[in-house]
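**Q** Quick one: structure below, then a few questions.
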Amino acid sequence: MKRILAVLLLCLTFISSRAVDLIRINQLGYLPKSIKVAVFLSSEEISETGFTVHEALTDKVVYVGKTQPSNAQNWGMGSAYRLNFSELELDGGYYIKVGNTRSPNFRINSDVYEGTADFILNYLRQQRCGYNPYLKDSCHLHDGIIVDHPTKSGEIINVTGGWHDASDYLQYSTTSVNTVFQMMFAYHNHPEIYGDAYKANGEKGSNGTPDILDEIRWGLEWMLKMNPAPNEMYNQIADDRDHVGFRLPNKDTADYGLGKYRPVYFVTGQPQGLAEFKNQSTGVSSIAGKFASGFALGAQLFEAIDADFSAQLKEKVLDVWNFALSDTGFCQTACNVSPYFYEERNYEDDLELGATQLYELTGERHFLDEAIYWGKKEEVSPWMRNGTARHYESYPFINLGHYFLAKNENPNFVDNYKTGLNFLFERGKNDPFFNGLPFIWCSNNLVAAAITQANLYEKISGNTEFAEMEAALRDWLFGCNPWGTTMICGLPGVEDSPMYPHSSITVLNNETTYGGLIDGPVYNSIYTGLIGISLTQPDKYAAFNKGKAVYHDDIGDYSTNEPTMDGTASLSYLLADIENKGREQKVNSSNFEKDKFGTIIRIQPEAKNIYLCFTADSMFEGGDHVLKTLKKNKIKASFFFTGNFLRLSAEKERIEKTIRAGHYVGAHSDKHLLYCSWNKRDSTLVSQNEFEVDIKNNFSELEKFGIKSNDAVFFMPPYEWYNQDIADWSKNMGLNLINFTPGTGTNADYTTPDMSNYKSSEELWNHLKHIEESNKNGLNGVILLIHPGTSEKRTDKFYLKLDEIISYLSAKGYEFKSLKE
């Protein structure tokens, strides 16, 4: 291992000392109708006036554009250009070239963001306190003992629940309530986006409730515990005595001098801290205002779902609101062994948002008037105006109260949104990434807030003046940044994402914190002044850490690579809205069911269609029988041929016959390579370059038969076996990876009697009939795979049952279709 690290360090040193030329892209891809801008960076001062966009599969130039020069010095580079190709709207896989520099492949498609809003919920489930579904164990069941209460200090209170704030196990009402509200805001606007793949306790399995509502309820129930009675509210569980090293929450060893209990801090509205260090709190409004908005919106969301729970939340709202007004000021988190705390210093935005939700809940005009009053007190979020802030100084980072007031015909608040965005626009307009935000701790949270504000501003005003900045900040989170990394841990479909976040999960379980939004880059000046950071591996981003901000995908960097609960939740609305835009832009109305890799495994499950598919590499002895049977029954099917097969001169006539008959003919790889291990599926056995060459060679052979790339957009992998790498690489070449529908069983028609998994043709046929009869949707939309060529050892050829299969299923009302249709 030491030798490997030494070689890697040597390679990185070499890379950082030579010229760097690269193109950064949004690694998820781009919606067809969206602003699309990549960024070219060079460590040299070079002059480039144009760029080209190419089809990934054919290398054909499909777009020619002009480069837009930008300021490279802030990022320690010699040259920077923005590459705008927004006019290109055709679905497909592409890459960009500037001179001899080529970008990674990427996609333009309406589905590039599908599933991302649900994906980030993985991190929230992993952060649950109480029963933790990730660990399948419970933690902190003895929370806690009240502290700083005038009469109840020392009493036990049940506040188990909620989420751990970040990679430690502190729990703050400030961030937790905002987390709940952000998720509620997302669901309120886009309930159609969220799926149901998990139970209420966070374990896998459907429970009839969208997963985001399960998380929302988990948070609201914890909020009820933290506000057990009028004028009794708690701000925090545990304190910085928690910082005692990496350990899992179910094995928490932090000692607060309270035995098995953790301290639960009462909201005093005064400077607070149990030891030498105190925060600077001046009142209760910031925290109580958050509770008021959370309870009010929660009551609205659950009214039609669980009337009793909605009533319980509604009953709290007025008491909490009166408490918020009883001692106006801000409430900060408490510290103990250090002077570090969340330094929130504003509260007007929290009262504004609380009043808007009370108005939405009750319809009483005076709440709208109160919201307007408080909204005028803070027209622009301070961090936007000032271009800097102390840690969590102006929080939440977006003022959603302005949005609700603007919706209620108060145009001044539309202007307030515009003013804040103008500050960011002016600071970022000369930056190659259009990023004028301050790189303070949790800079990614600011990015999410800015994107959301720009998005909402366009919705309520109809103006698109900040659309390019919004797109740039969105792309920043998905890889169009100096480091070329997405900022969401383990995000599927991207080339680079944080795999070594600062987390006990990473250290002890050797896993990334899937779905978590990391803190993000910080100013170099901040990073160099931090104590206790020690990188655990060579810095793969060293060449890009010479500018104004730094980032490391390293467990040891707690400043840039720690995921946060509230930051992750702040992506909820943004991702749901982008997914919704993608659905609105979808051209093909087919409803594809996909597996966890994004591979199509069923088509329109509500329709009684069956898609017969046949693959061939070295054997096709049943080809004539299959083609005759399809012709007899007037059916079109789909065939996937390898390059090996297409080069067989003996098969030329049958291939041409298949094409003339109007069947779909697509790629099955060139050499019929095994792309990933049978035993360890995530172990990819080919490089990306080897994969791309293999696919291109397959298409070269297809083209000799007149089949062009846009005629064969569905690709069935060799051995029908693949992993996430293969799925991603296929998509980025503009291909739709497709496979047989799991459970149908006919794919086992290749087995021979000497194999342990042998299935006779009669067994396969009986199983298929059983599936049709027992499943709710029968065989609706299934992709049914049959091999028209199998080993001589198999004497009972399943393809000989094709006519019987067609007759039986046709009589049951099924229609057979090809992928051409």
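**Q** When the chain is fully extended, how far beyond the present Cα-Cα distance does ASP754 get from ASN580, taking 0.36 nm per residue of separation? Display every interim value, and only then the final one.
**A** Details: separation 174, 0.36 × 174 = 62.64 nm, distance 5.12 nm.
Full extension of this stretch gives 57.5 nm more.
**Q** While we're on this one: SER338 label point, 7 Å along Cα→Cβ, cut-off 16 Å on backbone N: hits in region 503-517?
**A** In region 503-517, the label zone of SER338 (backbone N under 16 Å from the point 7 Å along Cα→Cβ) covers 503-504.
**Q** Provide the FRET efficiency to the nearest 0.05 for the ASN689-ALA311 pair, computing r from the beta carbons and using R0 = 56 Å.
**A** On the way: r = 61 Å, r/R0 = 1.09.
Result of the calculation: an efficiency of 0.35.
**Q** Extension gain LYS632-SER326, at 0.36 nm per residue separation less the Cα-Cα distance, in nm?
**A** Details: separation 306, 0.36 × 306 = 110.16 nm, distance 8.29 nm.
Additional length available on full extension: 101.9 nm.
**Q** Could you line up MET233, MET487 from fewest to most neighbouring Cβ atoms inside 10 Å?
**A** Numbers: MET233 24, MET487 29.
Lowest to highest Cβ neighbour count: MET233, MET487.
**Q** Helix-only estimate, please: 222 nm mean residue ellipticity of the chain, summing -39500 (n - 2.57) across DSSP H runs of length 4 or more and dividing by its residues, to the nearest 500.
**A** Working: 25 runs with 286 residues, N = 821.
The helix-only estimate for the chain comes to -10500 deg cm²/dmol at 222 nm.
**Q** Taking the Cα centre of region 4-160 as origin, work out the dipole magnitude from +1 charges on Lys and Arg Cβ and -1 charges on Asp and Glu Cβ, in debye rounded to 20. Spell out each step's value before the answer.
**A** On the way: 14 positive and 16 negative charges, 36 e Å.
That gives a dipole near 180 debye.
**Q** Let me check I've understood the local charge: for HIS502, count other residues with C-beta under 9 angstrom from its C-beta, Lys and Arg +1, Asp and Glu -1. What total comes out?
**A** After counting each charged neighbour, the total is -4.
**Q** What is region 497-636's relative contact order, in percent, from Cα pairs under 8 angstrom and six or more apart in sequence? Don't skip to the end; give the middle numbers.
**A** Working: 142 pairs, mean separation 29.3, N = 140.
Rounded, it is 21 percent for region 497-636.
**Q** So how do 47-53, 291-297, 725-731 stack up, highest first, on mean other-Cβ count within 10 Å? Don't skip to the end; give the middle numbers.
**A** On the way: 47-53: 15.9, 291-297: 30.3, 725-731: 23.3.
Put in order of decreasing packing, that is 291-297, 725-731, 47-53.
**Q** Still on this structure, I have one more. Once label points are set 7 Å from the Cα along Cα→Cβ at both THR151 and THR464, what is their separation, rounded to one decimal in nm?
**A** 6.2
**Q** Can you return the lysines within cross-link range of LYS459? Criterion is Cα-Cα under 17 Å, with same-chain partners fewer than 8 residues away left out.
**A** LYS459 reaches LYS33, LYS407, LYS418, LYS581.
**Q** Right, next: So which trypsin sites (Lys or Arg not before Pro) in region 761-821 pass both tests, a DSSP loop state and at most 15 other Cβ atoms within 10 Å of the Cβ?
**A** Values: sites: LYS769, LYS776, LYS793, ARG794, LYS797, LYS801, LYS812, LYS817, LYS820; in loops: LYS776, LYS793, ARG794, LYS797, LYS812, LYS820.
Sparse-neighbourhood loop trypsin sites (Lys or Arg not before Pro): LYS776, LYS793, LYS812, LYS820.
**Q** With each pseudo-label sitting 7 Å past Cα toward Cβ, what's the SER618-LYS793 distance in nm, one decimal?
**A** For the pair SER618/LYS793, the computed spacing is 1.3 nm.
**Q** Still on this structure, please answer the following. Let a ≥ b ≥ c be the square roots of the eigenvalues of the Cα gyration tensor of the chain; is it rounded (a/c under 1.5), or, if not, prolate (a/b larger than b/c) or oblate?
**A** It comes out prolate by the Cα gyration axes.
**Q** Also, I was wondering about something else. In percent, what relative contact order does the chain have, based on Cα pairs under 8 Å that are 6 or more apart in sequence? Can you show the working numbers first?
**A** On the way: 1780 pairs, mean separation 102.0, N = 821.
Relative contact order here is 12 percent.
**Q** Is region 592-817 rounded, prolate or oblate when judged by the Cα gyration tensor, a ≥ b ≥ c being the square roots of its eigenvalues, rounded requiring a/c under 1.5 and prolate requiring a/b larger than b/c? List each step's numbers first, then the result.
**A** Working: a/c = 1.39, a/b = 1.24, b/c = 1.12.
Here region 592-817 falls in the rounded category.
**Q** How much length is gained on full extension from LYS652 to ASP803, taking 0.36 nm per residue of separation minus their Cα-Cα distance?
**A** Details: separation 151, 0.36 × 151 = 54.36 nm, distance 2.48 nm.
Length difference between fully extended and current span is 51.9 nm.
**Q** Calculate, for LYS548 and ASN422, the FRET efficiency according to 1/(1 + (r/R0)^6) with r their C-beta to C-beta distance and R0 35 Å; round to the nearest 0.05.
**A** On the way: r = 22 Å, r/R0 = 0.61.
FRET efficiency, LYS548 to ASN422: 0.95.
**Q** Can you tell me the relative contact order of region 411-510? Whole percent, Cα pairs under 8 Å, sequence separation 6 or more. Working shown, then result.
**A** Numbers: 100 pairs, mean separation 18.4, N = 100.
Relative contact order of region 411-510: 18 percent.
**Q** Another question about this same structure. Quick one: which of 203-212, 592-601 comes out on top by average Cβ neighbours within 10 Å, and what's the full order, highest first?
**A** On the way: 203-212: 15.3, 592-601: 17.8.
Packing order, densest peptide first, comes out as 592-601, 203-212.
**Q** How high is the FRET efficiency from GLU593 to GLN270, r the C-beta distance, R0 60 Å, rounded to 0.05? If you can, show how the numbers build up before the last one.
**A** Values: r = 57 Å, r/R0 = 0.95.
The pair GLU593/GLN270 has a calculated efficiency of 0.60.
**Q** Taking only complete DSSP H runs, can you tell me which helices of the chain stretch 15 Å or more along their own long axis by Cα positions and average at least -1.0 on the Kyte-Doolittle scale?
**A** Working: long enough: 2-17 (22 Å, 1.79); 173-189 (24 Å, 0.05); 211-226 (23 Å, -0.02); 285-302 (25 Å, 0.93); 307-326 (30 Å, 0.15); 348-362 (21 Å, -0.47); 365-377 (19 Å, -0.94); 411-428 (26 Å, -0.56); 443-461 (27 Å, 0.16); 467-477 (16 Å, -0.09); 572-584 (18 Å, -0.85); 688-703 (22 Å, -1.13); 761-774 (20 Å, -1.30).
TM-like helix candidates: 2-17, 173-189, 211-226, 285-302, 307-326, 348-362, 365-377, 411-428, 443-461, 467-477, 572-584.
**Q** If you don't mind, there's one more thing I want to ask. Starting from the Cα of ASN524, step 7 Å along the direction of its Cβ; do the same at VAL244; then give the gap between the two resulting points in nm.
**A** So the label points at ASN524 and VAL244 sit 4.0 nm apart.
**Q** For a quick protection proxy, order the peptides 356-365, 396-405, 270-279, 102-111 by their average other-Cβ count within 10 Å, most packed first. Provide the component values of the computation, followed by the final result.
**A** Numbers: 356-365: 18.9, 396-405: 26.8, 270-279: 16.8, 102-111: 21.9.
Output ranking for 356-365, 396-405, 270-279, 102-111: 396-405, 102-111, 356-365, 270-279.
Read-outs throughout are calculated quantities, based only on the coordinates presented, and are distinct from any laboratory measurement. Model, not experiment: these values are computed from the prediction. So basically every Cβ, Gly included, is an ideal-geometry build from the backbone, and we count neighbours across all protein chains shown.
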